[in-house]
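To start, the structure under review is shown below, and the notes come after it.
The values are calculated or read from the model by the stated rules, or taken from the named source; none is laboratory data. The shown structure was predicted, so the numbers you read here are calculated from the model rather than taken from an experiment. Virtual Cβ from ideal backbone geometry, glycine too; neighbours counted across all protein chains shown. When the accessible area is computed, the model is the full protein with side chains, heavy atoms only, and any ligands, DNA or RNA have been set aside. Shrake-Rupley method; radii C 1.70, N 1.55, O 1.52, S 1.80 Å.
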Amino acid sequence: MEARAYLKYARISPRKVQIVLDLIRNKPADMAAAILRHTPKAASEPLEKLLKSAMANAENNHDMDKNNLYIAECFVSPGPTMKRIRPRAQGRAFRIMKRSSHITMVLKEREE
């Protein structure tokens with residue numbers, strides 16, 4: 001039994017999200033929430049909300065015990081990139097890539 005939560009079109013680069021996901025992978029859900037709360041990275045705030053959503057899904061939709069949950073899977077894949085133009089010297093244009101992410105989090109229950 002597993003509970004999933006998705007965050008699509010998050011306006012943050014996948015590289016930045018991946019750094020924070022590596023900190024919480026395979027950790028108990030309550031410890032992961034504490035890690036996210038005290039990590040000074042831009043990705044930690046949306047990931048904390050996603051973790052709370054996955055925990056609520058596990059508790060309400062799958063009748064799992066929230067004390068035994070752990071992060072079984074978490075990964076990020078790139079979403080669409082918005083391309084913007086920034087003027088540069090001598091009439092040139094510089095392209096700015098505004099990247100987005102699709103984040104998936106899977107929680108499972110630990111067996112005693």
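Starting from the Cα gyration tensor of the stretch 1-45, take the square roots of the eigenvalues, sort them a ≥ b ≥ c, and report rounded, prolate or oblate (rounded when a/c is under 1.5, otherwise prolate if a/b is larger than b/c, else oblate). Oblate, because a/c is 1.5 or more while a/b does not exceed b/c. Rounded to the nearest 20 debye, the dipole size of the stretch 1-68 about its Cα centre is 460 debye, using +1 on the Cβ of Lys and Arg and -1 on the Cβ of Asp and Glu. For the chain, the solvent-accessible area with a 1.4 angstrom probe is 66 square angstrom per residue. Normalised by 2.2 N^0.38 Å, where N is the number of residues, the C-alpha radius of gyration of the chain stands at 1.30. Taking the 1.4 Å solvent-accessible surface of the chain as the whole, the part contributed by carbon and sulfur is 49%.
For the stretch 8-106, with the dipole built from +1 on Lys and Arg beta-carbon atoms and -1 on Asp and Glu ones, taken about the Cα centre, which of Y70, N57, P87 lies farthest toward the positive end? Selected residue: P87. Taking Cα atoms, how many degrees apart are the long axis of helix 14-24 and the longest axis of the chain, rounded to 10 and kept between 0 and 90? Its long axis makes an angle of about 20 degrees. Checking the cross-link pairs K49/K108; K16/K83; K8/K66; K41/K98 against a 22 Å limit on the alpha carbon distance flags K8/K66 as lying beyond it.
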